[in-house]
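The values are calculated or read from the model by the stated rules, or taken from the named source; none is laboratory data. As the structure is a prediction and not an experimental result, all values here were calculated from the model. Cβ placement follows ideal geometry from the backbone for every residue including glycine, while neighbour counts extend to all protein chains displayed.
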Amino acid sequence: MIDKLVVKLLTLKMWLSDDHGQDIMEYAMLSGLIALAIIAVGVAFFSGALESMFGGIGDCIDFKSSTVCAPF
């Protein structure tokens, strides 16, 4: 009975100390952080231009007569 308990505890210890796949998780977290930084910079610096572009696209989709729909 003690042998089975020792084997189970050693198995648990090995399972908890296993770092297989850790580097993949670190790369995923790093790429997510980089993506968030790119999005934050884009929103901070290009928000006025994006609003203007989406507003123009929305006016063209609504077919407003006062809007000239041309490539930006």
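Need pairs with beta-carbon distance below 9 Å; first residue part of a helix (DSSP H, G or I) and within region 19-44, second modelled with pLDDT under 95; sequence gap 6+ or separate chains.
So the pair list comes out as 42/50; 43/50.
I'm trying to understand the selection: among the residues of region 1-44, which are among the charged types (D, E, K, R) and surrounded by 10 or more Cβ atoms within 10 Å (Cβ to Cβ)?
Within region 1-44, 8, 13, 26 meet the criteria.
Suppose we filter 69, 60 for residues that are surrounded by 10 or more Cβ atoms within 10 Å (Cβ to Cβ) and outside any helix (DSSP H, G or I); which single one remains?
Going through 69, 60 in turn, just one is surrounded by 10 or more Cβ atoms within 10 Å (Cβ to Cβ) and outside any helix (DSSP H, G or I): 69.
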